[in-house]
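K.L.:
This is the structure I have questions about; it appears just below.
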Amino acid sequence: MTEKPTYENFDNLISKTDTEMQRLGWTQAQGQEHLMKYCGVRSRLLLTEEELDNFLLFLQLTDSPPPIP
C-alpha cells in the first residue's frame, strides 16, 4: 500500500530540491527545462510526491551544473 502524500512532506521535498539546486548553481530556468524534458511539467508543484522525490535524488547525485545551451 502506497503512503498518501502529505503537504508537510511535499514542502520538505521542495525545500530540499531548492537547497540542491542552489548547490549546483542551477537557475530556475534550468530546473524548469529539466522538468519539462523529463517530467513534462514546468513546475515542481505539478509533480507527484514520488516524482519530486526522484527529482531530489537526481539532484543529490549530480556533481556539476548542466552545460548552458
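K.L.:
Given (1) surrounded by 13 or more Cβ atoms within 10 Å (Cβ to Cβ); (2) over 17 Å from THR62 (Cα atoms); (3) out of contact with any Cys (no Cβ under 7 Å at 6 or more places or on another chain), where does LEU47 come up short, assuming only one miss?
P.N.:
(3)
K.L.:
Shifting gears a bit: Taking GLU33 as meeting all but one of (1) out of contact with any Asp or Glu (no Cβ under 9 Å at 6 or more places or on another chain); (2) surrounded by 13 or more Cβ atoms within 10 Å (Cβ to Cβ); (3) touching a residue at least 40 places away in the same chain (Cβ under 8 Å), write down the number of the exception.
P.N.:
(3)
K.L.:
I've got another one for you. In segment 41-64, which residue that is charged (D, E, K, R) and part of a loop (DSSP other than H, G, I, E, B) is farthest from SER15 (Cα to Cα)?
P.N.:
So the first thing to find is which residues in segment 41-64 are charged (D, E, K, R), and the list is 42, 44, 49-51, 53, 63.
Narrowing the set further to residues that are part of a loop (DSSP other than H, G, I, E, B) leaves 42, 63.
Numbers: ARG42: 17, ASP63: 19 Å.
Looking at residues that are charged (D, E, K, R) and part of a loop (DSSP other than H, G, I, E, B), I get ASP63.
Where a number appears in this text, it was derived from the coordinates with a stated rule and is not lab data. Small disclaimer: the values here were computed from a predicted structure and weren't measured. Virtual Cβ from ideal backbone geometry, glycine too; neighbours counted across all protein chains shown.
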